[in-house]
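Okay, structure first, notes after.
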Amino acid sequence: MTNIRVGMGYDVHQLEEGRDFWMGGIKLPATKGAVGHSDADVLIHAICDALLGAANMRDIGFHFKNTDDRWKGMDSKFFLKEVTRMITEKGWKVGNVDCTICLEKPKIGPHIDAMKKTMAPLMNVTEEEIAIKATTTETLGYVGREEGVNASAVVLIYK
């Protein structure tokens, strides 16, 4: 019998004028970007938390503390590759990833293929194993006021 596990991750970051906006490992054209200790890529952070949770290995903040200057401004692709290495060392492989990004703008649809192409090799999967969806809050709450962005991810890992 194959050993399988499911993990769920969630991340949220404040948006601020004049910052670069990184999502799914690529820089998006936007007037606001996410604020964080690293590059604040909420999608990658949510995926990392889902992978770590599925493997029962705590969360991204446990392994890459936001008080550690080594991670200041770090490209989140590093975290995704490292988390994949960590779970692989425990015998796990990524089966699939399903994500949802919640923000008003920019529109995510035109960038989904590039995000999948960027993240797939970091997790040792094909682009077909990554689903990325986007939604808004219909102008409600912090997302609707364009004050923040969040992402959630569900992953399946197996041995």
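The values are calculated or read from the model by the stated rules, or taken from the named source; none is laboratory data. Note that the structure is a prediction, hence the values are computed from the model and not measured. Counting neighbours? That spans all protein chains shown, and the Cβs are built from the backbone with ideal geometry, glycine included. Ligands, DNA and RNA are excluded from the accessible area calculation, which covers all protein heavy atoms including side chains. Shrake-Rupley method; radii C 1.70, N 1.55, O 1.52, S 1.80 Å.
One table, with the values for the structure above:
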{"read-out": "Region 1-147 - charge dipole about Cα centre, Lys and Arg +1 at Cβ, Asp and Glu -1, debye rounded to 20", "value": "340"}
{"read-out": "Dipole axis of the chain (+1 Lys, Arg; -1 Asp, Glu on Cβ), positive-most option in T31, T126, M8", "value": "T126"}
{"read-out": "Listed residues R19, R70 arranged by accessible area, highest first, probe 1.4 Å", "value": "R70, R19"}
{"read-out": "Proximal aspartates and glutamates relative to K107, as straight alpha-carbon distance under 13 Å, when same-chain residues fewer than 8 apart are discounted", "value": "E146"}
{"read-out": "Spread of Cα-to-Cα distances over 5 Å intervals beginning at zero, given as percent, for the chain", "value": "2, 10, 20, 24, 20, 14, 8, 3, 1, 0, 0"}
{"read-out": "Lys/Arg +1, Asp/Glu -1 at C-beta; the chain dipole; positive extreme among T136, G148, F64", "value": "F64"}
{"read-out": "Accessible area expressed per residue, region 1-143, with surrounding protein chains retained (probe 1.4 Å, Å²)", "value": "53"}
{"read-out": "Local net charge near E127, Cβ-Cβ under 9 Å (Lys/Arg +1, Asp/Glu -1)", "value": "-1"}
{"read-out": "Burial ranking of peptide ranges 129-141, 38-50 (average Cβ count within 10 Å, highest at the top)", "value": "38-50, 129-141"}
{"read-out": "Shape metrics for region 49-90, restricted to C-alpha atoms - Rg then Dmax, Å", "value": "10.2, 28"}
{"read-out": "Candidate lysines - alpha carbon under 21 Å from K81, same-chain residues fewer than 8 apart omitted", "value": "K27, K65, K72, K90, K93, K116, K117, K159"}
